[in-house]
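Structure first, then comments.
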Amino acid sequence: MAVARGASIADAAWLSVRMRASRYGAHVSGGERLVPRRYGASVVLELLTRAHHASERAPDAVTVTVDEIESDMIRRVPALPVRTAHVGDASEGRAAARKTLREWGVGNAAIDTALALLTRGANPDGGNMRGACLLDAGGRRVERDPRRGVRVSCVDMEPVDRAWFDGHFRGRFPEGRFRDALILASKSASVAGIVAEICWSDDPGYVAGYVASAQGGYVRFPHLKERGAPIGGRVYFVDSDRFDNERDTAYMESTPVLVTIPRRAALKEA
Ligand code: WAQ
Ligand code: MG
């Protein structure tokens with residue numbers, strides 16, 4: 001391999017680092033990063049630390065997987081523009097989220113199903129899923145494994161943009177959940193067959209959520225569930241005519257993508 005003077009072979013590749021934590025076999029938390037190789041060790045440590053602190057439920061098993069990624073395999077997609085819809089409580093938030101999804105062309109039947117799944121827990125065995133549900137226009141689940149769902153992975157923010165983002169939002173969003181959610185939403189919105197998404201956290205203390213789409217961007221709602229509720233999740237609304245389940249699921253789970261911030265001004269006021 002040819003390496004430029006001053007660089008080292010160890011810098012030539014990137015690493016996809018994935019973490020999943022469980023307790024008695026049930027999903028507790030997860031995380032995904034895509035970083036230059038030299039950050040690998042510190043990112044593994046960061047995800048392990050997160051596994052043990054991210055949730056009120058202590059995990060009894062944590063798996064960290066590290067895969068090498070050639071830099072020329074990585075695609076870049078722009079971060080979705082962001083706005084906040086100011087709502088006073090969860091029911092106002094859900095009504096506003098529904099209205100936004102309707103404007104983006106999602107039908108009431110699919111929205112009803114999504115809200116019901118995210119409220120009671122989308123896992124057929126009960127509780128949270130590790131990944132996301134896929135719903136077609138009729139509200140039918142089309143993900144291949146409804147227990148696991150689709151886990152968007154092999155994705156991160158371009159390091160220089162991530163550093164800017166964290167500096168800019170440290171005060172308002174110290175936990176990094178907004179950043180992590182924007183990264184996942186931006187990758188998913190780059191799939192032509194995904195019409196929109198809705199998400200809120202399974203963390204009982206984190207009540208904000210969002211809807212997102214390629215056409216409308218990332219719309220945050222400071223309240224999308226009741227405080228204390230331990231159930232959350234993600235639902236992608238797909239257009240079955242354009243969504244190729246096998247190809248697009250493979251893209252979401254394993255095509256390396258870096259989310260870039262082409263215009264910082266578009267995020268500053270989020
Ligand atoms: N791919 C697919 N689904 C995922 C992924 C992933 N990489 N990560 C989490 N999920 C699913 C899974 O079912 C979780 O139970 C659920 O989403 C919630 O995950 O702007 O923190 O990590 O401040 O708890 C929204 C940010 C935060 C709102 C969402 O989600 C804002 C959050 P959590
Ligand atoms: Mg969580």
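Values quoted throughout were computed directly from the atomic coordinates according to the rules given, and no laboratory measurement underlies them. Note that the coordinates shown come from a computational prediction; the quantities given were computed from them, not determined experimentally. When we count neighbours, we look across all protein chains shown, and the Cβ atoms used for this are built from the backbone with ideal geometry, even at glycine.
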The answer for the net charge of residues other than Val207 whose Cβ lies under 10 angstrom from its Cβ, with Lys and Arg +1 and Asp and Glu -1, is -1
Starting at the first residue of region 77-85, write each ³J(HN,Hα) from the Karplus equation 6.51 cos²θ - 1.76 cosθ + 1.60 with θ = phi - 60°, in whole Hz, x for Gly and Pro.
-> 10, x, 5, 5, x, 10, 9, 10, 9
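Once you list every other residue whose beta carbon is under 11 Å from the beta carbon of Arg83, what net charge do they have if Lys and Arg are +1 and Asp and Glu are -1?
Working: positive: Arg220; negative: Glu269.
Here the charged neighbours net out to 0.
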For the chain, state the semi-axes of the equivalent ellipsoid (square roots of 5 times the eigenvalues of the alpha-carbon gyration tensor), sorted largest first and rounded to whole angstrom.
-> 29, 21, 19
What are the ³J(HN,Hα) values, in whole Hz, obtained from phi via the Karplus relation 6.51 cos²θ - 1.76 cosθ + 1.60 with θ = phi - 60°, for each residue of region 124-138 in sequence order, with x given for Gly and Pro?
-> x, 7, x, x, 7, 9, 6, x, 10, 8, 10, 10, 7, 4, x
Give a quick list of GluC sites (Glu not before Pro) in region 203-270 that DSSP marks as loop, anything other than H, G, I, E or B, with at most 16 other Cβ atoms within 10 Å.
-> Glu226, Glu269
Placing +1 on each Lys and Arg Cβ and -1 on each Asp and Glu Cβ in region 45-164, then taking the dipole about the Cα centre, the residue among Thr49, Ala95, Ser153 whose Cα reaches farthest towards the positive end is Ala95
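Which percentage, to the nearest 5, of the DSSP beta bridges contained in the chain is antiparallel? Don't jump to the answer; show the numbers that get you there.
On the way: 37 of 50 bridges.
Among the beta bridges of the chain, antiparallel pairing accounts for roughly 75 percent.
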Pick out, in residue order, every one of the trypsin sites (Lys or Arg not before Pro) in region 96-165 that is DSSP loop and has at most 16 other C-beta atoms within 10 Å; say none if there are none.
-> Arg140, Arg144, Arg147, Arg148
Using alpha carbon centers only, region 154-182 is separated from region 211-270 by a whole-angstrom value of 15
Where does helix 90-103 land angle-wise versus the long Cα axis of the chain, in degrees 0 to 90, nearest 10?
-> 80
Working from Cα positions, state the angle (0 to 90°, nearest 10) between the long axis of helix 245-254 and the longest principal axis of the chain.
-> 50
Longest principal axis of the chain (C-alpha) makes with the long axis of helix 108-120 (C-alpha) an angle, in degrees to the nearest 10, of 70
